Amino acid sequence: MKTDFLPGIDASYHQDSSLYTMNSDTELLGYFMHVLHKDDVLDIGCGQGALLIYAGMHKPRSLTGIDLFPEVLEQAEKNLQANGMQAELICSRVQDYHEKQFDVIVCNPPYFETEKETLKNDNAYRRAARHAENLPMEELYISADRLLKDNGRFFLVHKAVNLQKLIVLGSEHHMKLARMRLAYDHEDGKAKSVLLEFRKGRCPETVFEEPAYLNDRASMQKYMDFTNSGK
């Protein structure tokens, strides 16, 4: 068990290395999402609770996490409790969840789509986190559309090369692109990840934010401002 603090915030975080662990995309998405006090928040594939803790720093009305493995949710609950937070944690595929709708949905989904078993991780936890066999991109958008309230926001991080497909899927499932931010390893590299905010219903003109550079902590944290989270 590794004890650490979540980057950018004063929150302890314990990661079991035998499960899937957070990465730079988790951190970027934690900074990128906007959460208000009145919001009900859902994290799809919540893992050990990192994004729930980032969201919880904004003190929303409620937190809900969905994941496939009960032992992963047990660790998420411990992390939440260690930071004075609580959430409803549900062991389920999001495709099978129909209980309520949310103001905010956040997801760092599995990126890789392949039918070759030899390319998939032998560790069941890491396989679920990396390979989209349990959560294909189309089914993620269908679920987000179903579970978002009118005017709700869907925050997503994915591989930058999939940007066009991600935007098209949003449009096909009643969500418009509100904000976008690209992330790079360094200034001279190619875009690695893309952060997207979709809105269901009315949406102002899309905002294209300054890029984040993973080797520059200031650019990583630039948009994180918990003091204004209640506005």
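The values are calculated or read from the model by the stated rules, or taken from the named source; none is laboratory data. As the structure is a computational prediction, the values presented were derived from the model and not from experiment. Note that each Cβ is placed from the backbone with ideal geometry, even for glycine, and that neighbours are counted across all protein chains shown. When the accessible area is computed, the model is the full protein with side chains, heavy atoms only, and any ligands, DNA or RNA have been set aside. Shrake-Rupley method; radii C 1.70, N 1.55, O 1.52, S 1.80 Å.
Within 16 Å of residue 33 (Cα to Cα) and at pLDDT below 90: does that describe residue 222? Step through it out loud before you land on a result.
Numbers: within 16 Å of residue 33 (Cα to Cα): yes; at pLDDT below 90: yes.
So residue 222 passes the test.
Any idea which of (1) outside any strand (DSSP E or B); (2) modelled with pLDDT of 95 or more; (3) open to solvent by less than 30 Å² (accessible area, probe 1.4 Å) is the one residue 153 doesn't satisfy?
(1)
Being in a helix (DSSP H, G or I), within 25 Å of residue 93 (Cα to Cα) and open to solvent by 30 Å² or more (accessible area, probe 1.4 Å) is the requirement here; does residue 169 meet it?
On the way: in a helix (DSSP H, G or I): yes; within 25 Å of residue 93 (Cα to Cα): yes; open to solvent by 30 Å² or more (accessible area, probe 1.4 Å): no.
No.
Would you check which residues across the range 1-35 are of a type in the set (Val, Ile, Thr), surrounded by 14 or more Cβ atoms within 10 Å (Cβ to Cβ) and modelled with pLDDT under 90 and list them?
Initial filter on the range 1-35 (of a type in the set (Val, Ile, Thr)): 3, 9, 21, 26, 35.
Within this subset, residues satisfying the condition of being surrounded by 14 or more Cβ atoms within 10 Å (Cβ to Cβ) are 9, 21, 26, 35.
Passing the criteria: 9, 21.
Suppose we keep only residues that are surrounded by 24 or more Cβ atoms within 10 Å (Cβ to Cβ) and either in contact with a strand residue (DSSP E or B) (Cβ under 6 Å, 6 or more places away or on another chain) or of a type in the set (Phe, Trp, Tyr) (or both) within the range 36-47. Which one would you say is farthest from residue 93 (Cα to Cα)? Talk me through it step by step, then tell me what you get.
Keep residues of the range 36-47 that are surrounded by 24 or more Cβ atoms within 10 Å (Cβ to Cβ), which gives 41-44, 46-47.
Filter once more, keeping what is either in contact with a strand residue (DSSP E or B) (Cβ under 6 Å, 6 or more places away or on another chain) or of a type in the set (Phe, Trp, Tyr) (or both): 41-44, 46.
Values: 41: 17, 42: 13, 43: 12, 44: 9, 46: 12 Å.
Applying the filter and picking the extreme gives 41.
Being hydrophobic (A, V, I, L, M, F, W, C) and modelled with pLDDT of 90 or more: is that true of residue 147 here? Working first, answer last.
Details: hydrophobic (A, V, I, L, M, F, W, C): yes; modelled with pLDDT of 90 or more: yes.
So residue 147 passes the test.
Can you work out which of the residues in the range 73-103 that are aliphatic (A, V, I, L, M) and in a helix (DSSP H, G or I) is farthest from the chain's Cα centre (by Cα)? So that I can check it myself, show each step before the final result.
Of the residues in the range 73-103, the ones aliphatic (A, V, I, L, M) are 73, 76, 80, 82, 85, 87, 89-90, 94.
From the residues that got through so far, the ones that are in a helix (DSSP H, G or I) too are 73, 76, 80, 82, 94.
Working: 73: 16, 76: 14, 80: 16, 82: 21, 94: 14 Å.
Out of the qualifying residues, it is 82.
With the requirement that a residue be touching a residue at least 12 places away in the same chain (Cβ under 8 Å) and assigned to a strand (DSSP E or B), what does the range 4-43 give you?
Result: 12, 13, 14, 15, 40, 41, 42, 43.
Where residues in the range 172-194 are open to solvent by 30 Å² or more (accessible area, probe 1.4 Å) and in a loop (DSSP other than H, G, I, E, B), which of them is nearest to residue 105 (Cα to Cα)?
The initial filter retains those residues of the range 172-194 that are open to solvent by 30 Å² or more (accessible area, probe 1.4 Å), namely 172, 174, 176, 182, 184-188, 190-192.
From what is left, the residues that are in a loop (DSSP other than H, G, I, E, B) are 174, 185-188, 190.
Working: 174: 14, 185: 26, 186: 29, 187: 30, 188: 32, 190: 28 Å.
Here the answer is 174.
Which pairs turn up if I take residues in the range 147-166 that are over 11 Å from residue 191 (Cβ atoms) and look for partners that are open to solvent by 60 Å² or more (accessible area, probe 1.4 Å) with beta carbon separation below 6 Å, at least 6 apart in sequence or on another chain?
Here the result reads 147/101; 149/101; 153/199, each pair linking the range 147-166 to a residue that is open to solvent by 60 Å² or more (accessible area, probe 1.4 Å).
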